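Report on the structure given below.
The values are calculated or read from the model by the stated rules, or taken from the named source; none is laboratory data. Being a predicted model, the structure only gives us computed values, none of them experimental. Here the Cβ positions follow ideal geometry from the backbone for every residue, glycine too, while neighbour counts run over all protein chains shown.
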Amino acid sequence: MSKYIGIIGGAYSGYWDYLKNEILHPSWHSYFYWLLGASVAIWLLEVLFPWRKNQPLVRQDFWVDAFYMLWNYFLFSLIAYNALSMVGVELFNDFLGLFGVTNIVAIEVASLPTWLQLVFIFILRDFMQWNIHRLLHHVPWMWEFHKVHHSVEEMGFAALLRYHFMENIIYRTLEYLPLAMIGFGIKDFFIVHIFTLVTGQLGHANLFIHLGKMKYLINGPQMHLWHHAKEMPASHPTGFNYGITLSVWDYLFRTDYWPSNDEHLPVGLPEGEDFPKDFVGQMIRPFQNLNGRRPAKVRQSPPTSSLPLKL
């Protein structure tokens with residue numbers, strides 16, 4: 001028990017030191033300033049080249065989503081996640097130790113060139129996240145938490161940052177074992193984080209990005225807007241376009257749906273979904289639905305003909 005108490009104490013002090021160093025001593029690896037800089041840059045692009053020109057420059061819930069940026073990327077780790085994850089990893093290793101397992105690396109790729117390791121882990125991680133994203137839409141209790149992200153009613157870059165803290169736990173837990181089984185000797189995974197951050201914000205941005213044939217590979221705001229559609233087509237009643245950075249998985253597994261580039265497409269939760277507008281309410285609501293205090297809403301599935309199909 002004392003070992004785990006020590007891990008928890010070290011996690012808090014270690015992350016606090018990391019966060020202070022990130023803010024007070026910026027470098028090319030300072031995720032805090034990359035996140036801030038990318039957000040400002042993409043917001044300026046939205047101001048200068050808006051796709052939905054009738055959307056306010058400071059859109060609905062902009063400041064709530066700005067707080068989500070601080071909460072999900074830094075404050076939650078400081079308050080709980082970093083300690084929980086370190087204890088979880090240690091418990092998992094101790095469990096394996098009961099069976100004499102001390103090394104779960106099944107594929108050793110550390111000898112590959114750095115650039116190839118980066119490409120490999122990016123593709124593998126994106127595919128895992130595509131699968132987890134599908135689960136968030138298909139597993140009822142997961143969908144309760146994922147509703148927070150889909151409660152956005154005006155799309156913009158910061159919509160990427162609005163999600164329930166339980167999604168961090170779900171994603172990282174399901175990602176851990178496959179990634180742990182690959183022996184990466186890599187120090188520049190930071191590059192993958194930044195790339196996925198920028199492409200994720202662009203995918204939610206109020207921008208028209210013409211991808212041409214690249215649309216079959218890279219997710220963009222026109223395709224992802226449909227993922228946030230308020231009404232689901234009968235052909236995809238629980239969702240579609242699950243790609244995080246890459247759209248290729250949706251086309252390969254036929255979970256794509258992109259009938260038009262409709263900048264006026266209504267987005268958000270289905271009609272009748274009474275969802276809180278404030279941060280605290282959005283954090284509490286999923287747990288209320290899980291314990292039965294509130295009935296869970298089901299996403300509607302109107303006929304496909306009710307959706308705009310103009311090209």
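Of note:
Residue-wise test of (1) touching an Asp or Glu at 6+ places or on another chain (Cβ under 9 Å); (2) surrounded by fewer than 21 Cβ atoms within 10 Å (Cβ to Cβ); (3) free of Cβ contacts under 8 Å to residues at least 60 places away in the same chain.
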residue	(1), (2), (3)
Lys213	no, yes, yes
Leu217	no, yes, yes
Gly220	no, no, yes
Ser235	no, yes, no
Thr238	no, yes, no
Ser247	yes, no, yes
Asp250	yes, no, no
Phe253	no, yes, yes
Asn261	no, yes, yes
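- Test set (1) modelled with pLDDT of 95 or more; (2) surrounded by fewer than 19 Cβ atoms within 10 Å (Cβ to Cβ) - His224 fails condition number: (2)
The rows are residues; the columns are (1) among the aliphatic types (A, V, I, L, M); (2) over 12 Å from the mean Cα position of the chain (by Cα); (3) at negative phi.
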site: Ser111; (1), (2), (3): no, yes, yes
site: Phe127; (1), (2), (3): no, yes, yes
site: Ser151; (1), (2), (3): no, yes, yes
site: Ile169; (1), (2), (3): yes, no, yes
site: Ile182; (1), (2), (3): yes, yes, yes
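- Cβ-Cβ under 7 Å pairs, at least 6 apart or on other chains, region 9-38 side farther than 14 Å from Phe74 by Cβ, far side β-branched (Val, Ile, Thr): Ala38/Val198
- Residue check, Trp71 in a helix (DSSP H, G or I), within 25 Å of Ile7 (Cβ to Cβ) and at pLDDT 90 or above: yes
- Extreme residue, modelled with the lowest pLDDT, among residues of region 9-38 that are aliphatic (A, V, I, L, M) and within 18 Å of Trp71 (Cα to Cα): Ala11
- Assessment of region 40-57 against the conditions (at pLDDT below 90 and outside any helix (DSSP H, G or I)) yields at least one matching residue.
- Per this entry, Glu144 is counted among residues that are farther than 20 Å from Phe74 by Cβ, charged (D, E, K, R), crowded, with 19+ Cβ neighbours inside 10 Å and in contact (Cβ under 8 Å) with a residue 40 or more places away in the chain.
- Single residue of region 1-51 satisfying the filter (of a type in the set (Val, Ile, Thr) and more than 22 Å from the chain's Cα centre (by Cα)) that is nearest to Ile209 (Cα to Cα): Val47
- Pick from region 102-126, criterion in a helix (DSSP H, G or I) and touching a Phe, Trp or Tyr at 6+ places or on another chain (Cβ under 9 Å), ranking: farthest from Ile169 (Cα to Cα): Gln117
- Residue in region 228-235 that is in a strand (DSSP E or B), modelled with pLDDT under 95 and out of contact with any Pro (no Cβ under 9 Å at 6 or more places or on another chain) present: no
- Checking the stated criteria, Thr199 turns out not to satisfy the condition of being more than 24 Å from Gly37 (Cβ to Cβ) and either touching a residue at least 24 places away in the same chain (Cβ under 8 Å) or part of a helix (DSSP H, G or I) (or both).
- Boolean, Leu197 is under 16 Å from the mean Cα position of the chain (by Cα) and under 21 Å from Trp63 (Cα atoms): yes
- Residue that is among the aromatic types (Phe, Trp, Tyr), assigned to a loop (DSSP other than H, G, I, E, B), free of Cβ contacts under 8 Å to residues at least 40 places away in the same chain and exposed (fewer than 14 other Cβ atoms within 10 Å of the Cβ), where the choices are Phe99, Phe95: Phe99
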